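What follows draws every value from the coordinates through simple rules; no lab data is involved. Remember, it's a predicted structure, so these values are computed and weren't measured experimentally. Note that we place each Cβ from the backbone using ideal geometry, even for glycine, and neighbour counts take in every protein chain shown.
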Amino acid sequence: MLRIVNINQTEIYPTIIMDKENGVFEIKGVSLPLDGKDLYQPVLDFLDEYSQNPNKITLFVFNLKYFNISSSKMFLFMLYKLKELYDSGKAVVVVWSYDDEDIREAGDDFQHMVDVPFQFKEVFEGRLVS
């Protein structure tokens, strides 16, 4: 059985929830780990196992205020795993929430790198704007 990944937010780590049963796949907050692999390896492992028997629709939410290059690299690895799922014919959508143009542009860059459907959602103080 697929374990739930649930990491609570700190000053430098985001909230991470990977919960297949409830269809919740979200990374939210600030992501500034010194070594992204230490923080995100459980998510990559989860996605490997999840891809063997995914939900009908995978809605993966990034809701980030700020992240460093180490996190960016790990996000790209996650997106490549989602692309493999998408390329196999599964329904995958990445929801990229942002409250600043730099985060929006990073989402655009990721979308071009992996060619998976993205939905961009503007938020203000945690509330959805668009």
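Counting only DSSP H runs of at least 4 residues, each contributing -39500 (n - 2.57), and dividing by the residue count of the chain, the helix-based mean residue ellipticity at 222 nm comes to -12000 deg cm²/dmol. Using C-alpha pairs below 8 Å separated by at least 6 residues, the relative contact order for the chain is 20 percent. Computing volume of the Cα convex hull per residue in Å³ for the structure here picks out one of [x] 101; [y] 213; [z] 118, namely [x]. Using a simple spin-label model with pseudo-atoms 7 Å out from Cα toward Cβ, Ser72 and Thr15 lie 2.6 nm apart.
Centre-to-centre, using Cα atoms only, region 56-77 and region 1-54 are separated by 10 Å. In the chain, the DSSP beta bridges split such that about 35 percent are antiparallel, to the nearest 5. Annotation: lysines with alpha-carbon distance below 21 angstrom to Lys83 (same-chain offsets under eight excluded): Lys20, Lys28, Lys37, Lys56, Lys73, Lys121.
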